[in-house]
Ligand SMILES: [Zn+2]
């Protein structure tokens, strides 16, 4: 099969180059009306099959924007072997529901959905990687609506493009 797409950044580089820029811009305008942001944080391997996968870019955006900067509504609540939580955007008051599951010592994932249907882009961009279990290439192949961004600048422009 084809090799997994070559990433643009490591997680550390994403945290150093992209997170501060996106946080700085978020302070001026939230991303709840950014279809690319909604697409990214909504990534859920269950849309593609049963083999756990996590999208590193989504994990880092959820942890740095939603969990650090939104207002917690519920805090973590255990359910079905994982955890759920609800957060509210402090700028526009949209409610987001997040789900966390851990599948192994090296595989966990968080996925987030807005409670109200917000505009979601048909395709998402990422810069780091989709993490998958060894032998999970078939699952990876099912993902046709996410691709490596052409550049870091294109990725940032997509996330910050609010309707
Ligand atoms: Zn908002």
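Determine, yes or no, whether residue 133 is farther than 18 Å from residue 29 by Cβ and within 16 Å of the ligand (Cβ to nearest atom).
Considered against the rule, which asks whether it is farther than 18 Å from residue 29 by Cβ and within 16 Å of the ligand (Cβ to nearest atom), residue 133 comes out as no.
Can you find, within the range 63-79, the residue that is farthest from the chain's Cα centre (by Cα) among those that are within 11 Å of residue 98 (Cα to Cα) and in contact (Cβ under 8 Å) with a residue 24 or more places away in the chain?
76
Per-residue answers, yes or no, for (1) within 16 Å of the ligand (Cβ to nearest atom); (2) closer than 25 Å to residue 156 by Cβ; (3) in contact (Cβ under 8 Å) with a residue 40 or more places away in the chain:
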{"site": "19", "(1), (2), (3)": "no, yes, yes"}
{"site": "58", "(1), (2), (3)": "no, yes, yes"}
{"site": "82", "(1), (2), (3)": "no, no, no"}
{"site": "102", "(1), (2), (3)": "no, no, no"}
{"site": "113", "(1), (2), (3)": "yes, yes, yes"}
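Hey, residue 97 hits all of (1) away from the ligand (no atom under 16 Å from the Cβ); (2) in contact (Cβ under 8 Å) with a residue 12 or more places away in the chain; (3) in a strand (DSSP E or B) but one; which does it fall short on?
(1)
Please find, within the range 115-126, the residue that is farthest from the ligand (Cβ to nearest atom) out of those that are over 20 Å from residue 48 (Cβ atoms) and touching a residue at least 40 places away in the same chain (Cβ under 8 Å).
119
Across the range 127-148, which residue is farthest from residue 61 (Cα to Cα) among those that are more than 14 Å from the chain's Cα centre (by Cα) and assigned to a loop (DSSP other than H, G, I, E, B)?
So the residue we want is 135.
To keep it simple, each residue is scored yes or no on (1) exposed (fewer than 13 other Cβ atoms within 10 Å of the Cβ); (2) in a loop (DSSP other than H, G, I, E, B).
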{"position": "6", "(1), (2)": "yes, yes"}
{"position": "9", "(1), (2)": "no, yes"}
{"position": "13", "(1), (2)": "no, no"}
{"position": "16", "(1), (2)": "yes, no"}
{"position": "20", "(1), (2)": "yes, no"}
{"position": "24", "(1), (2)": "yes, no"}
{"position": "27", "(1), (2)": "yes, no"}
{"position": "32", "(1), (2)": "no, yes"}
{"position": "38", "(1), (2)": "no, no"}
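From 78, 98, 51, grab the single residue that is over 19 Å from residue 36 (Cβ atoms) and in contact with a helix residue (DSSP H, G or I) (Cβ under 8 Å, 6 or more places away or on another chain).
51
No value in this document is a laboratory result; all are computed from the given coordinates. Just so you know, these numbers come straight off a predicted model, no measurement behind them. Here Cβ is always computed from backbone atoms with ideal geometry, including for glycine, and neighbour counts include all displayed protein chains.
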